[in-house]
Each structure stands twice: as C-alpha cells, then as structure tokens.
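Step one of this worksheet: look at the structure below.
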Amino acid sequence: MTVLVIAEHDHATVKPATLNTVTAGIACQSGDVHVLVAGANAAEAAAAAAKIAGVAKVIAADSPSLAENLAENVAAQVLAIAKNYSHILFPATANGKNVAPRVAAKLDVAQISDVTKVDSPDTFERPIYAGNAIAIMQSSDAIKVITVRTTGFDPAAATGGSAAVESAEGVADSGKSSFIGREVTRSERPELTAAKIIVSGGRALGSAEKFTEVMAPLADKLNAGLGASRAAVDAGYAPNDWQVGQTGKIVAPQLYIACGISGAIQHLAGMKDSKVIVAINKDPEAPIFSVADYGLEADLFTAVPELVKAL
Ligand SMILES: Cc1cc2nc3c(=O)[nH]c(=O)nc-3n(C[C@H](O)[C@H](O)[C@H](O)COP(=O)(O)OP(=O)(O)OC[C@H]3O[C@@H](n4cnc5c(N)ncnc54)[C@H](O)[C@@H]3O)c2cc1C
C-alpha cells in the first residue's frame, strides 16, 4: 500500500514540517510516498512538493474552499482519497492536529499521535508523561492516521526529487465553518520550530522590558529565534507563541540557550532533543543543568551582555 503525507504549505511554498513528515512516511516502509497539497492556486507549492526527495507522486487538490486551510474542508479533501492509502501522516503542527482527528474519526480508526519513531509499518513510538517515557504502540487499523512529531525525524531533502503532479478535484465548501480573518505576527526572527538556534528566557528576566533588553541582542547576534518558559509567558514578559515546552512548542534546534530557566520537566519536554544545550543559571542545583551540554553558573544580567559583546 501507499503512504500519504499531508503537506503543510502556504500555497506557494512547502513548510519545513512537511519534509520531516516525508521522512516519517518513508520510514513506514509501506510503499510509495504521495504528498497531498490541498490549497487554492497552489501550483507553486505542489511543484515544490514534487521536488522533495523520496516523494513518488504529488496530488494537487485546488479549490477556493481550500484557500484558508479550514479544517473541515481539508479533512474532507483527505477523506476523498483516504481509502487508497495504508498510512496518512500529518505533521503534528497546529494545522495537522486540527485536521487529523477529523480524518481518524470519519475513518473509524484510532489516531496515533506525536510519533517520534517508526519501528515497523504497524508499530510506532511516541513520548508520554511529558517525554519521561516512550510508549510503543501497535495498530491493527487498516488505515493508520498518524501525527508526526517533526523533531523526531530528519527533514527529507527539499530538492532532488521529480515526482509526478496529479490533479484531484477539490472538495466543495462544507459550510460548517467560514473564514473571518487572521492576525499574523510578523517577525524578522526565524520561526521557533524552524530556527537553527533558539535563545530562551525565563522568569528570572523579571519584566517584559528586561526580557527584550537582555535577550533580543543575543538573538540578533546569533540570528536566533526567541523562546520563553511558560512562567515568562504567563507573567507577560514574552508573547504566548514563544512558549517552549509541553504546552508550547516542541523544538530541536542545533543550539538552545536557556537563560534564567529552571528546567521544569514541562519545559524540558519541549527542548531536550536540541543538539547542543547551553544553560545560564545562578543556581547550581537548577535541573536545567542536568540536560545541558554547557552550563554557566552566573547571573544572566551580567553573563548575557558579556556573551553578546564577545560574539
Ligand atoms: C500542565 C503544565 C504544563 C506546563 N507547560 C509548560 C511549558 O510548556 N513550558 C514551560 O516552560 N513550562 C511549563 N509549565 C510550567 C513549569 O512547570 C514551570 O513552572 C516553568 O517552566 C518555570 O519557568 P521558569 O524556569 O522560567 O521559572 P522558575 O522555575 O521560577 O525558574 C527561574 C530560574 O531562574 C534562575 N534565576 C533567577 N535569577 C537569575 C539570574 N539573575 N540569573 C540567572 N538565573 C537566574 C533561578 O535559579 C531559577 O532556576 C507547565 C506546568 C504545568 C503544570
């Protein structure tokens, strides 16, 4: 049977999470990997998906009903072709997690969530208890609906493939939801889940002003994404979408620098797969040091500006 990967895209480009999901699809060892690009005027995104290494076919479903990524319509589009596949994989992003359960429910199968490793075509691994244990799950469902934790899989090469692009009829609007508007935060900084370097600040920063004053120059120097602990977000020092952790974003950059973050398990759940972890904390007993590759026991208000100066 064949594997279907649901592309995350903005109609013109394919988002990086799609590349990791393709790798997971290939790991399912269930035959060819197809990618569904469900969008409106999304020929460019479909062409980009066709270049991903390891993809055999791109299914381009183009319809005005798919312009705003409404979960009801995207789920209907997936369901229209679902029966041709043994595995349907979504990136475990906000979009993927919005659509996958609708597809699983309609197919009457159990969704397999947040997969970090594929052991065999029917056996998958996923973290539980905030990443403190790994569950190995075997599914006997005929169609396996899976969300993929992208940090668990290397990205497939974005170029080098030459898949055929096949058009599919776009679904009609479900009428169940409608698009009202979107407020998008624009930032010059890399998006957290795609950033190669992330610098994160915690409660120790003490105020939104100090957070910006101390952390932003370090992020600027390193061209890094800015992250935060939940305590910093809850206190209003940093916006909600910067939160890293169990109830925030799961990240695995090349370098993660945690400043004034204690390292609660819920924070570690979101960043402990980072390749190199640096912690700056004035408490030598802080749990963050147990996962850090490099630890600096220091006052961040001195250490971070010194680091910025030295870079
Ligand atoms: C269900 C649930 C979900 C959660 N989800 C998340 C999540 O997604 N992400 C998350 O981050 N948390 C999450 N939490 C909260 C988590 O348990 C912690 O409360 C939170 O991570 C603490 O943030 P912090 O490390 O910034 O603050 P604190 O724990 O208060 O730590 C501050 C640290 O700064 C150090 N420090 C203080 N002053 C300085 C200084 N001048 N220089 C250097 N170091 C200094 C201290 O030694 C301390 O280690 C969740 C909790 C629950 C119950």
Cα radius of gyration and Dmax for segment 192-310 (Å): 12.3, 34
Rg (Å, one decimal) plus Dmax (Å, integer) for the alpha carbons of the chain? 20.6, 60
Two-site label geometry, Ser120 and Ala40: point separation in nm, points 7 Å out along Cα→Cβ: 4.6
Computed for segment 118-248: size of charge dipole around the Cα centre, +1 on C-beta of each Lys and Arg, -1 on C-beta of each Asp and Glu, debye to nearest 20, value 440
Quick one: among Arg203, Arg102, Arg189, which has the greatest mean-square fluctuation in a GNM of the chain with alpha-carbon springs under 10 angstrom? Arg189
Rounded to the nearest 20 Debye, what is the dipole magnitude of segment 158-311 about its Cα centre when Lys and Arg each give +1 and Asp and Glu each give -1 at the C-beta? 60
Rounded to the nearest 500 deg cm²/dmol, what is the calculated helix-only ellipticity per residue at 222 nm for the chain, with -39500 (n - 2.57) per DSSP H run of length n ≥ 4? -8000 deg cm²/dmol
Quick check: net charge around Val115, other residues with Cβ under 11 Å of its Cβ, Lys/Arg +1 and Asp/Glu -1? +1
Rounded to whole angstrom, the alpha-carbon centroid of segment 215-273 lies from that of segment 42-106 at a distance of 30
Measuring from the longest principal axis of the C-alpha atoms of the chain, the long axis of helix 300-310 (C-alpha) lies at a number of degrees, nearest 10, equal to 80
If you bin the C-alpha pair distances of segment 119-194 every 5 Å from 0, what whole percents do you get? 3, 8, 10, 11, 14, 17, 20, 14, 3, 0
Dipole of segment 2-169 [Lys/Arg +1, Asp/Glu -1 at C-beta], most positive-end residue of Ala135, Ser30, Ala43: Ala135
Any idea what Rg and Dmax come out to for segment 2-169 if you just take the C-alpha atoms, in Å? 14.5, 44
Can you spot the lysines whose alpha carbon is less than 24 Å from Lys144's alpha carbon? Ignore those fewer than 8 places along the same chain. Lys15, Lys57, Lys83, Lys97, Lys106, Lys117
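Bear in mind that the values in this text are calculations on the coordinates, not laboratory data. These numbers come from a predicted model, not from an experiment. Because the Cβ atoms are built from the backbone with ideal geometry, glycine has one as well, and the counts that use them run over all protein chains shown.
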